[in-house]
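Asks: One structure follows; several queries about it will come next.
The values are calculated or read from the model by the stated rules, or taken from the named source; none is laboratory data. This one's a predicted model, so the numbers in the text were calculated from it and none came from an experiment. When we count neighbours, we look across all protein chains shown, and the Cβ atoms used for this are built from the backbone with ideal geometry, even at glycine.
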Amino acid sequence: MALNFIPTVWAARLLTALEKTLVYGQANVANRDYEGEIREAGSAVKIASIGNVSIGDYEKNTDIDPPETLTDSEQTLAIDQAKYFNFYVDSIDRAQQNANVLEEAMRRSAWSLRDAADSFLAGVMEAAVPVGNTLGSLATPEVPTPETAYEYLVDLGVLLDEANAPIESRFVVVPAWFHGMLLKDDRFVAAGTLRSDRSLGNGQVGEAAGFTILKSNNVPNTAGAQYKIIAGHSVATSYVEQILDLQAYKPESRFGDAVKGLHVYGAKAVRPTALAMLIANKE
């Protein structure tokens with residue numbers, strides 16, 4: 001729909017859209033270890049790894065075993081996602097307004113690209129969680145209460161402990177209703193003192209049970225049920241992205257300004273055992 005500002009005197013301040021907090025792409029949730037030069041969508045990053053090294057018992061004056069041949073494996077992180085924006089503002093419309101619609105449209109475009117990437121990352125993590133690291137199921141979701149929500153965080157931590165996931169800097173991303181339950185539990189509020197009941201930025205709402213707690217409306221769910229509450233460490237998921245192209249241009253047959261941009265990205269769970277998940281319904 002074309003912008004139609006001419007009949008109206010516009011206020012100097014825009015009423016901007018409400019935005020979700022984006023959390024899955026931040027550094028303490030997904031790492032950027034393999035983010036290098038991305039030329040185009042459809043390219044890939046090859047990730048090599050080696051297997052475990054065996055150890056043996058040493059006896060004095062006894063030959064040790066011959067050196068073992070290390071096994072290696074390779075994973076591919078595909079940069080297979082490409083999203084764009086393209087908008088136009090007529091010169092007359094720009095002249096008749098006091099607010100900078102072009103600047104706000106750029107900001108909204110950038111946020112929309114990030115929102116799409118955030119949801120994509122959440123889906124990649126969800127699909128990679130091992131069955132053994134999952135509490136509840138799609139058929140029989142868990143149903144947390146204010147009395148048990150904190151206990152589920154403890155259980156997620158135990159799953160990660162048993163999988164040898166790093167202990168420091170673990171995260172868990174919860175929906176708003178689950179965070180509300182945690183706020184009714186003194187153990188959560190006491191764990192982070194004032195930090196447990198206020199936003200710290202980037203979706204952080206506190207610390208408890210060995211996790212940095214993040215709140216997001218991008219937690220994967222099925223029609224408001226079967227929420228996939230993902231916990232883990234940033235070593236589990238690698239994310240790469242680039243704004244491949246950004247152009248401001250003048251449409252040939254119009255008087256005005258247009259801007260278009262292309263965002264390419266990809267993600268892979270390279271260490272899925274460092275992820276755990278709670279599948280839960282609201283009360």
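Asks: So is Ser119 free of Cβ contacts under 8 Å to residues at least 60 places away in the same chain, assigned to a helix (DSSP H, G or I) and either surrounded by fewer than 19 Cβ atoms within 10 Å (Cβ to Cβ) or under 23 Å from the mean Cα position of the chain (by Cα) (or both) or not?
Replies: No, not satisfied.
Asks: Condition check: assigned to a helix (DSSP H, G or I), within 20 Å of Thr222 (Cα to Cα) and either more than 18 Å from the chain's Cα centre (by Cα) or not hydrophobic (A, V, I, L, M, F, W, C) (or both). Does Glu126 satisfy that?
Replies: yes
Asks: Can you report the number of residues in the stretch 158-178 which are part of a helix (DSSP H, G or I) and either surrounded by fewer than 20 Cβ atoms within 10 Å (Cβ to Cβ) or at pLDDT below 95 (or both)?
Replies: Counting residues in the stretch 158-178 that are part of a helix (DSSP H, G or I) and either surrounded by fewer than 20 Cβ atoms within 10 Å (Cβ to Cβ) or at pLDDT below 95 (or both) gives 5.
Asks: Another question about this same structure. Given (1) at pLDDT below 90; (2) at negative phi; (3) surrounded by 10 or more Cβ atoms within 10 Å (Cβ to Cβ), where does Asn52 come up short, assuming only one miss?
Replies: (3)
Asks: Just to be sure, is Ile92 modelled with pLDDT under 85, within 24 Å of Thr237 (Cα to Cα) and β-branched (Val, Ile, Thr)?
Replies: no
Asks: Residue under question is Ala274, and the condition is that it be of a type in the set (Gly, Ala, Ser), modelled with pLDDT of 90 or more and closer than 21 Å to Pro175 by Cβ; does it hold?
Replies: So Ala274 fails the test.
Asks: Quick test for you: out of Gly203, Gly256, pick the one residue that is surrounded by 23 or more Cβ atoms within 10 Å (Cβ to Cβ) and at pLDDT below 90.
Replies: Gly203
Here is a yes/no grid of residues against (1) among the small types (Gly, Ala, Ser); (2) in contact with a Ser or Thr (Cβ under 9 Å, 6 or more places away or on another chain):
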residue: Gln81; (1), (2): no, no
residue: Asp90; (1), (2): no, no
residue: Glu104; (1), (2): no, yes
residue: Trp111; (1), (2): no, no
residue: Ala127; (1), (2): yes, no
residue: Glu142; (1), (2): no, yes
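Asks: Please go through the stretch 129-150 and give me each residue that is part of a helix (DSSP H, G or I) and loosely packed, with under 11 Cβ neighbours inside 10 Å, ordered by number.
Replies: If the condition is that a residue be part of a helix (DSSP H, G or I) and loosely packed, with under 11 Cβ neighbours inside 10 Å, then Val131, Gly132 are the ones that fit.
Asks: Then there is this: When the residues of the stretch 245-267 are filtered to those that are within 28 Å of Ala30 (Cβ to Cβ) and not aliphatic (A, V, I, L, M), which remaining residue is farthest from the chain's Cα centre (by Cα)?
Replies: Of everything passing the filter in the stretch 245-267, Lys260 is farthest from the chain's Cα centre (by Cα).
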